[in-house]
Amino acid sequence: MMNSRHLFDKSILREYDIRGILEETLFVSDAYAIGRSFGALLRQRNLQSVCVGYDGRLSSPMLEKALVEGLLESGVIVKRIGLGPTPMLYYATLVLPTDGGIMITGSHNPPNHNGFKMMMKGAPFFGQDILTLGEIASEGAWVDGKGTSDDISVMNDYIQRISSDYDSNQGLSVAWDTGNGAAGEAINKLTARLPGRHILLNDTIDGTFPSHHPDPTEPHTLEQLIATVKEHNLDLGIAFDGDGDRIGVIDNLGRILWGDQLMMLYAEDVLSRHPGATIIADCKASQSLFDRIAELGGKPLMWKTGHSLIKKKMVETGSPLAGEMSGHIFFKDGYYGFDDALYAAVRLLSSLSKKDEPLSAWKDRLPVTFSTPELRFPCSDVRKFEIISEVKKRLLSSGCNVNEIDGVRVQTSDGWWLLRASNTQAVLVARCESTTKEGLERLQHTLNDQILESGIDFYKSTSDDGH
């Protein structure tokens, strides 16, 4: 199909996955090269089998075909599970079992984007692993062989497994919005097994995403779900991203619960069974979450943003639960430790069905805070890390209370502000949170002063971004 050496566009080899724009930075030939290179790495490590799945994007079937061709020509045993959400691929690698897994997905990105999420020996395949994959391709260090391919359906087993953890006789009224993403068929099967009343929105898998962009962290993508919850007087609404590994939730009054707020609810449940356990959240999460974990007797641990980094830290600490602001929720308590929004939905419904109050009443008791959304400033991949170093140096020299886990998170009497370099895009990411509006304004001014010294205007950038 191609020469034995292959160069990827450097922009597609990301920290956590491979991701690009079809026919601009990502090509079918790349999929073949990924198959050959991943296959070579498997063979180097005396491994031989891989599970392959794909999402509902129009380009995914042809990328899957080329990927499998590359794997087979490397002598790999390939188990093809077909179309479905990313967590179904993770599940398949464990139960079939296989030595590795590759999911073809563009996640929550626009329709003309696509990519590859990978794992090997049950662990995330990221960072240096992805760079090694690029080196193998560029050197043409492939191995030849004759692999085998089998089509295996795991959808029904996967749905049976996650639905089995619904441990209540009570049902709820729920609206589900899969955003025409890869979780559509799975949600149809899941809701058929759950008690209660279920209204499904945009459950037809369509890679053009005709209803709205499949990203539940963007409030405008939740407008239809909010309207449905209100119109039908439902208990809650649940949304998913394009590949079903991130969750968004709406309460019975149509209000959004963010990832860190959901984590408070999950922590109450998990810590009742694992007293004193370590609960992990990323550095963008509210201080209220870390405080609540401590109040419940758990050990709060702030960690770096990124699903691969969180999974690795869960293994190191033995944590039964972790989560990110972005809606990645990881259950090791009763499950496998990977991010599965469908499973997180089942656990949420199971917990809520046992409460004698609506979700809104629980939300009303949460601490009142004032915060910015996630702010993003365009910045070159080289310069973004330089700016973090400059800001960190200035803060430490002035005696500020700085957490350096991932960029800088600065604690003040008003609250906290965060500045970090994205590992997947040429942007700086910031967030501020305070217990008062006036405090939030002061934090924003402080953040602006710092990045202005390094050449970025906070207010101009956020205005241009529409925040």
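The values are calculated or read from the model by the stated rules, or taken from the named source; none is laboratory data. Only a predicted model underlies this, so the values are computations on that prediction, with no experimental measurement involved. As a convention, Cβ positions derive from the backbone with ideal geometry for all residues, glycine included, and neighbour counts pool all protein chains shown. Note: areas computed on protein heavy atoms with side chains; ligands, DNA, RNA excluded. Shrake-Rupley method; radii C 1.70, N 1.55, O 1.52, S 1.80 Å.
Just one of (1) surrounded by fewer than 23 Cβ atoms within 10 Å (Cβ to Cβ); (2) part of a helix (DSSP H, G or I) trips up GLY276, so point out which. Looking at each condition in turn, GLY276 falls short on (2).
The residues of region 1-27 that are surrounded by fewer than 17 Cβ atoms within 10 Å (Cβ to Cβ) and assigned to a helix (DSSP H, G or I), listed by number, are LYS10, SER11. Suppose we keep only residues that are more than 31 Å from the chain's Cα centre (by Cα) and not in a loop (DSSP other than H, G, I, E, B) within region 394-410. Which one would you say is surrounded by the most Cβ atoms within 10 Å (Cβ to Cβ)? Checking each candidate, the answer is ARG394.
Just one of the listed residues (ASP406, ASP414) is free of Cβ contacts under 8 Å to residues at least 40 places away in the same chain and in contact with a Lys or Arg (Cβ under 9 Å, 6 or more places away or on another chain), and it is ASP414. The requirement of being open to solvent by 50 Å² or more (accessible area, probe 1.4 Å) and either polar (S, T, N, Q) or touching a residue at least 24 places away in the same chain (Cβ under 8 Å) (or both) is not satisfied by ASP99. If the condition is being closer than 16 Å to ASN180 by Cα and of a type in the set (Val, Ile, Thr), then region 218-253 contributes THR221, ILE238, ILE247.
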